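The values are calculated or read from the model by the stated rules, or taken from the named source; none is laboratory data. Owing to the predicted nature of the structure, the values given are computational and were not obtained by experimental measurement. Cβ atoms come from the backbone with ideal geometry, glycine included; neighbour counts cover every protein chain shown.
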Amino acid sequence: MAMRTTLFCLSMLLPVLVSAQFKFIGDAQPMDNDCILLTPDVEYREGIAYHTTRLDLSNYFEVQFDIYLGDKDDMGADGITFVMHDDVRGYQAYGTWGECIGYGRWSPAAGSGHSITPSVAVEFDTYQNYRQNDPPSDHVAYLENGVSLHETYWNNGDGGFNMEDDYMHDFRFRWDPDEQLITVFLDGQIVYKGKRDLINDVFGGATQVIWGFTASTGRKHNLQYFCLRRWAFAPDLVPADRH
């Protein structure tokens, strides 16, 4: 009962958390609807928002957001990433903008360009960039250690999959340390599920990680923002069929 009360109280405090407990880089800023703007619908913009409370990888958690990726498909770009990191730059960590969406770098062997590392990220990519092995459609991909190039992705098996549809999309990230299992949901569907020893294999033993969102636009652009909806810290508070 105490845990359920904690969850209820947290939901009541979300507007305060949004306005007071994020650190911003670039164009990111609070919005009037208790959401966080990442990029305006303007070319060559970038934004990052990091929450000031770190996530503890030694404990179970699930975080839930509404994400908005714009209303222009062919003329929209570039997307957003949800990131957890332990980069030495802390709340000033950023990656290469444009096609790397403020998270990664041009390629794993790139000698130039910034990246956020050590880290894991979920990329919501809305523009095809051949150097990152992007399909023609919008897609979701799991990334690590500031590398934007990905071999696998999810687009619902649809070559015309579009997330820039002027709708909010329900995104959930779940971490189960006992199973070492990452589960990512988009609009109620599992779009990524994988086992990984995040603490030891990615973060070198660190358990406390900074989390937030990165985003950018290029010659093509969209309004992009997110809204924090829910945290949960025990499996019994997050039924599998709730979305």
Residues of segment 38-83 being in a loop (DSSP other than H, G, I, E, B) and under 18 Å from Val120 (Cα atoms), in sequence order, are Thr52, Thr53, Arg54, Leu57, Ser58, Asn59, Tyr60
Given the options Asp201, Asp170, name the one that is out of contact with any Ser or Thr (no Cβ under 8 Å at 6 or more places or on another chain), modelled with pLDDT of 95 or more, within 21 Å of Tyr68 (Cα to Cα) and not small (Gly, Ala, Ser). Asp170
Is it true that some residue in segment 148-164 is closer than 21 Å to Val209 by Cβ and modelled with pLDDT under 95? yes
Kindly indicate the residue of segment 50-92 that is surrounded by 19 or more Cβ atoms within 10 Å (Cβ to Cβ) and of a type in the set (Gly, Ala, Ser) and also nearest to Gln208 (Cα to Cα) among those meeting that condition. Gly79
In segment 201-230, the residues that are touching a helix residue (DSSP H, G or I) at 6+ places or on another chain (Cβ under 7 Å) and buried (at least 19 other Cβ atoms within 10 Å of the Cβ): Ile210, Ser216, Leu228
